Structure formats: structure tokens, C-alpha cells
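Asker: Pasting a structure below so you can have a look.
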Amino acid sequence: MDVATCPKCTTPLDAGGSCVTCAAEAEGLKLVGRSGYVPVKELMGLLEGAGLSPAMDQVPARRPEEKAHPLWNLYVPEGEVGRAAEVLEKDWAHLLGDPAALAAAARGARGVDLDAGGEVECPACGHRFALSRESAECPDCGLSLGAPSDASPDEAET
């Protein structure tokens, strides 16, 4: 799929050429996450339960599989970003005692530079493998790392 993306944040543009992420930002909302519907809805419930005012938007499809399983942006008002981070970190705090979870979180925080190529460490399982132009998929667990143009805004900035 050849999809036009926002030059500012790399979000796929909708049919009218608009960026849902930048439109939300113009309304004073800040992106705190992007995932499938169920995880975003669960996080939204956590934030609402903490008295925050989250919102969500469907992201236009960039890949064929996103037509059937779209991604969703999760936002909070700019003034609630710090509190939202605290709420979400607290939700994951029970994992901090698990060394495997800490290692996985560290791998995820480091990210993977697909443009650099060479050997990478899978953020999901830790398997080390060489990237190729044909495949950016972990041969051990099958995690698709996608392509640089497929990065979500927060991934594209790292």
C-alpha cells in the first residue's frame, strides 16, 4: 500500500489528506500511545478511572492488515501528560520485580534502527539476528519490525 503520510509526524493521512494526530494536537491533545482497539480502550479506562480525560482516534490504514485491524491513537490533554504517565507506569509496576519483564522493557525502550541494518536484538524475545532488505522479521518469535516508514510517531523520533 502506498499511503501518504504526514510530513510532521508520519501518521498516515486520511482520504481528505488530513492527519488525525496533528488535528488532535491542534485541539490541545498529546499522543500517549498507539495500538489496537482493545489495548487502547483498556488504557483509556485506566486513565478515566484516574480522573483524566483521554480521547482516541482511529488511524488511517498504512498496511493492508490495518484495514481489518486498525490502529488507534490514545491522547490526553497537554496538561494531563505527566499524570497519565504516572498512571500508566503504576499499571505496569507489578512487572518491575520480574527480571525478564525488565529486560523486555529495556529492549523496547532501546528500539531498533532499521535504517542502520546489521545485527539487531528483537525487542520482544531478545533473539539477535541480521536484518535484510527482504525481511525485518524476527526468525525466532516472528515479530515484524516493519519498515522505517511504518514507524509510529514516537518510534520515528527515537
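The values are calculated or read from the model by the stated rules, or taken from the named source; none is laboratory data. Predicted model, so just to flag it, every value in this text is computed and none were measured. All Cβ positions, even for glycine, are placed from backbone atoms using ideal geometry, and neighbour counts span all protein chains on display. Side chains are part of the model used for accessible areas, which takes the heavy atoms of the whole protein and leaves out ligands, DNA and RNA. Shrake-Rupley method; radii C 1.70, N 1.55, O 1.52, S 1.80 Å.
Asker: Determine how large the accessible area of H127 is when every protein chain is in place; take a 1.4 Å probe and give Å² rounded to the nearest 10.
Answerer: H127 exposes around 70 Å² with every protein chain in place.
Asker: Follow-up question, since we're still on this one. Can you compute the modelled spin-label distance between V3 and A68, with each label point 7 Å from Cα toward Cβ, in nm?
Answerer: Roughly 1.6 nm, to one decimal.
Asker: Do you know the relative contact order of the stretch 1-149, to the nearest whole percent, from alpha carbon pairs under 8 angstrom that are 6+ apart?
Answerer: Details: 195 pairs, mean separation 23.6, N = 149.
Once divided by the residue count of the stretch 1-149, the mean separation gives 16 percent.
Asker: Any idea how far apart E89 and E48 come out in nm if each label point goes 7 Å out from Cα toward Cβ?
Answerer: So the two model labels end up 2.6 nm from each other.
Asker: With r as the distance between the Cβ atoms of R110 and K41 and R0 = 25 Å, compute the FRET efficiency 1/(1 + (r/R0)^6) and round to 0.05.
Answerer: 0.35
Asker: Counting only trypsin sites (Lys or Arg not before Pro) that are in a DSSP loop and have at most 12 other C-beta atoms within 10 Å, tell me the longest site-free stretch of the chain.
Answerer: The reported range is 9-132.
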